[in-house]
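Note sheet for the following structure.
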Amino acid sequence: MENTIYKKIELENNKTLVISDLSRKIGEDAWVVIMKANIEISIEKELFSDESLPDFKFQDILAVLGDKVTYEYKTQRNFIMDKEKDDVFEALVKFFLDNLVKYLATPKFPGKFVLREYKDKIK
């Protein structure tokens, strides 16, 4: 699957959102249109306010997750005709930007995401 970077956006929380087009042809003139968005988050003590880290020790988080985690969002539409491919991809990107980016850009998002990944891993 070819990963074409469509757009990079610097968020207000100093993270970089990368939107990629993973679309591929599935027939003579049909596509599966795939949009992927990801944010690489380096795990640093500064991500956590003192209150958000009472039950977990920072070193435990590093031991379980390593020094970085990646937030990933992926959505797709199947059997899209050639002439509609770009419009469908643009609509997927617009929906994502309109509905999720405001939350992803908040200062608390990286720390909350790291804690959620940690909790999921230790379960």
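The set of residues in the range 23-43 that are over 14 Å from the mean Cα position of the chain (by Cα) and under 29 Å from LEU115 (Cα atoms) contains only ILE43.
Looking across the range 101-123, the residues that are in contact with a helix residue (DSSP H, G or I) (Cβ under 7 Å, 6 or more places away or on another chain) and exposed (fewer than 13 other Cβ atoms within 10 Å of the Cβ) come down to TYR103, LYS121, ILE122.
Evaluating ASP98 against the criteria (1) surrounded by 15 or more Cβ atoms within 10 Å (Cβ to Cβ); (2) over 29 Å from LYS121 (Cβ atoms) leaves one unmet condition, (1). Residue-level analysis places LEU17 among those that are over 16 Å from GLN76 (Cα atoms) and surrounded by 16 or more Cβ atoms within 10 Å (Cβ to Cβ). Here is a check on your reading of the model: is LYS85 more than 29 Å from LEU115 (Cα to Cα), in contact (Cβ under 8 Å) with a residue 60 or more places away in the chain and of a type outside the set (A, V, I, L, M)? Spelling it out, LYS85 is indeed more than 29 Å from LEU115 (Cα to Cα), in contact (Cβ under 8 Å) with a residue 60 or more places away in the chain and of a type outside the set (A, V, I, L, M). Taken over the range 29-51, the criterion of being of a type outside the set (S, T, N, Q) and closer than 20 Å to GLU12 by Cβ is satisfied by ALA37, ILE39, GLU40, ILE41, ILE43, GLU44, GLU46, LEU47, PHE48.
Out of PHE58, PHE89, PHE79, PHE96, one residue alone is closer than 30 Å to GLU28 by Cβ and over 21 Å from the mean Cα position of the chain (by Cα). It is PHE79.
Bear in mind that the values in this text are calculations on the coordinates, not laboratory data. Quick caveat: nothing in here was measured; it's all calculated off a predicted structure. A quick note on method: Cβ atoms are made from the backbone with ideal geometry, for glycine too, and the neighbour counts reach across all protein chains shown.
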